[in-house]
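Shown next, in structure tokens, is the structure this report addresses.
Laboratory data are not the source of any read-out in this text; all were calculated from the coordinates shown. A quick note: this is a predicted structure, and the numbers were derived from the prediction, not measured. We place every Cβ from the backbone using ideal geometry, glycine too, and count neighbours over all the protein chains shown.
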Amino acid sequence: MKKKTRRSQETVGGTGHSVVLHDVRRVYGRGSNAVTALNGISIGFAPGTFTAVMGPSGSGKSTFLHCAAGLDRPTSGTVHIDGQSLADLNERRLTELRRERIGFVFQSFNLLPALTVWQNVCLPQELDGRRPNRTAVRDVLDRVGLGDRHKHRPGELSGGQQQRVAIARALVARPAVIFADEPTGALDTQTAADVLELLREPVRTQGQTVVMVTHDPVAASYADQVVFLADGVLAGSLTSPTAEEVADRMTHLGARALTTAGHAFSGVAR
Ligand SMILES: Nc1ncnc2c1ncn2[C@@H]1O[C@H](COP(=O)(O)OP(=O)(O)OP(=O)(O)O)[C@@H](O)[C@H]1O
Ligand SMILES: [Mg+2]
């Protein structure tokens, strides 16, 4: 296990956080079809911290990441990035803020099939009217092990290779904040370890903020802290976690989720 530095946690909502969520709720649908994916989340992420978010499937992790990154608007509550309230921005300004300050690795990659690997990696900067630095693009593609595949299109790549393109795209402009949804889900152990190092390095060297959803306790152990989600609410955290501690906590969360599902089922059966 790699050595990690222990970082002090600042007060939620206090100054100095790059991302702050306050009492965020997100309800999908209406009436009897309504699903409360997030039910009052308050948390802050300081610059130079690497946080893993874990929880059972359906606990709200992707919704949480999308709301925190301004890809989705909460039903209520606030999100601030570098002190800027996202609710105060119109769609155009929000898009600009995302392109300038945020890198996002989607659970489903979201690559454009008609573009090459190189073009996919450069796209966010080009949309922002910036000229991508060719050396930086080459460097990040080399580091995710795709230096020789830059002319290929996503359809010519394996799932894990596509995931690495998505990671390269999020990293290349060195944004202040990176959100990554299961960035190692499709990778073998060694490639996953390389990618996790790639995510962790700028946290230490440049004070970047990384928030990563993962199901993998080993991946989570690369983070400074792990926060747990269950049924749309925060369900504890671990600082400087080991993979064993994370796995143990997840077992208990999983048991809780199953019990809840069991109650719901018996409710239906009655
Ligand atoms: N667009 C949507 N419309 C309706 N319900 C949704 C929508 N997106 C998510 N949900 C529901 O919100 C809840 C949280 O979903 P979310 O995708 O955030 O979970 P997750 O923790 O990321 O799960 P997984 O680990 O499977 O990716 C789930 O019950 C899901 O069915
Ligand atoms: Mg998800």
Stretch R131-D148 to full length: gain in nm at 0.36 nm per residue minus the Cα-Cα span?
-> 3.9 nm
Spacing of the two label points (7 Å from each Cα toward its C-beta) at E96 and D23, in nm | 3.0 nm
Between the alpha-carbon centers of the range 80-97 and the range 108-168, tell me the distance in whole angstrom.
-> 26 Å
What distance in nm separates the simple spin-label points at Q119 and S240, each placed 7 Å from Cα in the Cβ direction?
-> 4.8 nm
Mind checking which of Q107, L123, S221 is farthest towards the positive end of the chain's charge dipole, using Cβ charges of +1 (Lys, Arg) and -1 (Asp, Glu) about the Cα centre?
-> L123
Name the residue, out of N110, N120, N90, whose mean-square fluctuation peaks in a Gaussian network model built on the chain with Cα pairs under 10 Å.
-> N90
Ranking V35, V218, V117 by Cβ neighbours within 10 Å, fewest first, what do you get?
-> V35, V218, V117
Placing each pseudo-label 7 Å from Cα in the direction of the beta carbon, R73 and A87 end up separated by a distance in nanometres of 1.1 nm
E156-A247 FRET efficiency (beta carbon distance; Förster radius 25 Å; 0.05 resolution) | 0.10
Rg and Dmax of the chain over Cα atoms: what are they, in angstrom?
-> 18.7, 64
Which of L111, L89 comes first, and how do the rest follow, when ranked by fewest Cβ neighbours within 10 Å?
-> L89, L111
